[in-house]
Amino acid sequence: MNRFDAYCAEFFGTAVLLASVVGSGIMGENLAGGNSAVALLANSLATGATLYVLISALGPISGAHFNPSVSVALVLSGRFPLRELLPYLMLQFAGATLGVVLANLMFELPAWQWSGTERQGAHLLLSEAVATAGLLLTIVLFLRNSAHSVALGVALYITAAYWFTSSTSFANPAVSFARMFSDTFAGIAPACVPEFILVQLATAVAIGLLLKLRNRSPLPTQTTA
């Protein structure tokens, strides 16, 4: 792995992902005329399509994690080097923040703003645990059984998870952190972010340790979301 290329891929890939998540949320809300279902449909389809493109293009370069939960789970399961964890986490959080800023600016909004969208409740935290676990297992199973289709698998899973989880499937600590900087359809109030991140990382740790206990052979590292 060329470290410079991998770091650039993680940073800019995460930025593009968040620009898509937030930007499509803004566009969907603007065009939906108050219909939240239509706005969510636009948001989920754009996110899924972006994930497919990013994983397909950048997976061979960095593994296309774009998600601290993915990186943590892969490290704990022995499928990604520990020495790369901190750089990946820093680049993912920084890239996600840049993506949100870009989305705000593209729609003539303040570059930085605090979200006022409250996302609280045990049901939402349960949804995040389910969404994160499902994402990680999707990645691992596709890598083991159909590695060439991992981009499609992740894209379809996240598109579906927008709809079958009450939290709309953040499933990503960097996403949760960055989305508090946009007071739009995709935003999350800062006070709600720590719980989301805690549940996502705890789920990643549990899945990573479970995979380690299974003592499977090493897998390729092309992953995401």
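The values are calculated or read from the model by the stated rules, or taken from the named source; none is laboratory data. Just so you know, these numbers come straight off a predicted model, no measurement behind them. Counting neighbours? That spans all protein chains shown, and the Cβs are built from the backbone with ideal geometry, glycine included. SASA here: full protein model, heavy atoms, side chains in, ligands and nucleic acids out. Shrake-Rupley method; radii C 1.70, N 1.55, O 1.52, S 1.80 Å.
A quick yes/no check of all residues on (1) charged (D, E, K, R); (2) in a helix (DSSP H, G or I); (3) in contact with a helix residue (DSSP H, G or I) (Cβ under 6 Å, 6 or more places away or on another chain):
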{"position": "Ala15", "(1), (2), (3)": "no, yes, yes"}
{"position": "Asn30", "(1), (2), (3)": "no, yes, no"}
{"position": "Ala49", "(1), (2), (3)": "no, yes, no"}
{"position": "Gly59", "(1), (2), (3)": "no, yes, no"}
{"position": "Val70", "(1), (2), (3)": "no, yes, no"}
{"position": "Arg79", "(1), (2), (3)": "yes, no, no"}
{"position": "Arg83", "(1), (2), (3)": "yes, yes, no"}
{"position": "Leu98", "(1), (2), (3)": "no, yes, yes"}
{"position": "Trp112", "(1), (2), (3)": "no, no, yes"}
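The residue pairs whose first member lies in the stretch 11-26 and is at positive phi and free of Cβ contacts under 8 Å to residues at least 60 places away in the same chain, whose second member is part of a helix (DSSP H, G or I) and open to solvent by 10 Å² or more (accessible area, probe 1.4 Å), and whose beta carbons are closer than 6 Å, counting only pairs six or more residues apart or on different chains, do not exist in this structure. On the stretch given as the stretch 81-97, residues that are touching a Phe, Trp or Tyr at 6+ places or on another chain (Cβ under 8 Å) and either open to solvent by 40 Å² or more (accessible area, probe 1.4 Å) or within 25 Å of Gly25 (Cβ to Cβ) (or both) total 7.
Per this entry, Ala39 is not counted among residues that are under 26 Å from Glu108 (Cβ atoms), open to solvent by 50 Å² or more (accessible area, probe 1.4 Å) and in a helix (DSSP H, G or I). Answer yes or no as to whether Val22 is of a type outside the set (Asp, Glu) and open to solvent by 10 Å² or more (accessible area, probe 1.4 Å). Against the criterion (of a type outside the set (Asp, Glu) and open to solvent by 10 Å² or more (accessible area, probe 1.4 Å)), Val22 does not qualify.
Looking at Thr159, Thr138, just one residue is open to solvent by 10 Å² or more (accessible area, probe 1.4 Å), closer than 20 Å to Arg179 by Cα and of a type in the set (Ser, Thr, Tyr), and that residue is Thr159. Among the residues of the stretch 205-223, are any under 22 Å from Tyr52 (Cβ atoms), modelled with pLDDT under 95 and in contact with a Leu (Cβ under 6 Å, 6 or more places away or on another chain)? So far as the stretch 205-223 goes, yes, one or more of its residues are under 22 Å from Tyr52 (Cβ atoms), modelled with pLDDT under 95 and in contact with a Leu (Cβ under 6 Å, 6 or more places away or on another chain).
Annotation: Val130 fulfils all but one of (1) part of a helix (DSSP H, G or I); (2) of a type in the set (A, V, I, L, M); (3) closer than 17 Å to Val21 by Cβ; the unmet one is (3). Residues in the stretch 68-99 that are closer than 16 Å to Leu198 by Cα and not β-branched (Val, Ile, Thr): Pro68, Ser69, Ser71, Ala73, Leu89, Phe93.
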